[in-house]
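See structure below.
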Amino acid sequence: MTSVINNPLDYSSKLKKGEVSTGTTIMAIPFDGGVVLGADSRVSTGVYIANRVSDKIAQISEHIFVCRSGSAADTQALTDYVKYYLSQLSIETGRPPLVKVAAHLMRQLCYENKNNLMAGVIVGGWDPVHGGQVYNIPLGGTIMQMPFAIGGSGSTYIYGLVDASFQENMSAEDARALVKKAISHAMARDGSSGGIIRTVVVRAEGNDRDYTPGNQLPYGPAGW
């Protein structure tokens, strides 16, 4: 007689009946004067790709964005709630919300509903008080302000690359190049990440969105 021991790291065993696992790669780097956020575009439901060009970078305020990973439905609902709360706060106070406030609102929703949600997000943006900031909110609802943040199923493949390449006070151009390079490496190794790379640079003077098509990625498997 043998006993079966469930692997605590086997997240597929925690899925509800009919629910499928999802994957993604998201990343954010603050720089002097703003922040760069990036994400792949593949939405997967198990082995089926439901959307090849999804936009996983959601704008919740003029200078605040959220990179979403986990359940698409859960993260879309969370960003809609936080966007509404920040809009109300701006009307009441007469000034734009702080990135820290947006991150803690997201953290509160994630933590208080952690048993019902599958959501890991990165909140990044710029405000006139603290400048560019990045907050990582993984599954479970904790919150950490980070010098850079990566998340999603593809992030496990690129921690070494990002640790070796990241530098404090990078320029916007260097930060965006690193985000694209790291996400393209994750897309090459992670079957749940793919499609195109979307990035956004957030500064006081405005936001600059960009995308890199799948045939122009900085890195691909040998033979591409």
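Among the listed values (1) 1, 6, 12, 15, 16, 15, 13, 10, 6, 4, 1, 0, 0; (2) 1, 7, 15, 19, 20, 16, 11, 6, 3, 1, 1, 0, 0, 0; (3) 1, 6, 11, 14, 15, 14, 11, 7, 4, 4, 4, 4, 4, 3, 1, 0, 0, the one computed from these coordinates for P(r) over Cα pairs in 5 Å bins from 0, in percent is (2).
Counting lysine pairs in the chain whose alpha carbons fall under 19 angstrom apart, excluding pairs fewer than 8 residues apart on the same chain, gives 7. Principal semi-axes of the equivalent ellipsoid, √(5λ) from the alpha carbon gyration tensor of the range 181-224, are 25, 10, 8 Å from largest down. Residues in the range 73-148 average 53 Å² of solvent-accessible surface per residue, probe 1.4 Å, ligands and nucleic acids excluded. If R0 is 25 Å, what FRET efficiency do you get for residue 167 and residue 111 from their C-beta distance, rounded to 0.05? Plugging the Cβ-Cβ distance into 1/(1 + (r/R0)^6) gives 0.20.
Here the dipole of the chain is about 540 debye; that uses its Cα centre as origin and unit charges on the Cβ of Lys and Arg (positive) and Asp and Glu (negative). Once you divide the Cα radius of gyration of the range 116-223 by 2.2 N^0.38 Å, the number left is 1.12. Specify which residue in the list 187, 51, 129 is farthest towards the positive end of the charge dipole of the chain, using unit charges on the beta carbon of Lys, Arg (+1) and Asp, Glu (-1), about the Cα centre. About the Cα centre, the residue reaching furthest to the positive side is 51. Within the chain, what is the longest stretch that has no trypsin sites (Lys or Arg not before Pro) placed in a DSSP loop and near at most 10 other beta-carbon atoms within 10 Å? The longest such stretch corresponds to 18-224.
Solvent-accessible area of the range 104-157 (1.4 angstrom probe, protein heavy atoms only): carbon and sulfur portion equals 52 percent.
Think of a 1.4 Å ball rolled over the protein heavy atoms: the range 150-224 then has 51 Å² of accessible area per residue.
Provide the net charge surrounding residue 190, with neighbours chosen by a C-beta distance below 13 Å and charges set as Lys +1, Arg +1, Asp -1, Glu -1. Working shown, then result.
Working: positive: 42, 189; negative: 40.
In short, +1.
The values are calculated or read from the model by the stated rules, or taken from the named source; none is laboratory data. This structure is a prediction, so every number in the text was calculated from the model and none was measured. Methodologically, a virtual Cβ is constructed for each residue, glycine included, from the backbone with ideal geometry; neighbour enumeration extends over all protein chains shown. Accessible surface areas use protein heavy atoms only, side chains included; no ligands, DNA or RNA. Shrake-Rupley method; radii C 1.70, N 1.55, O 1.52, S 1.80 Å.
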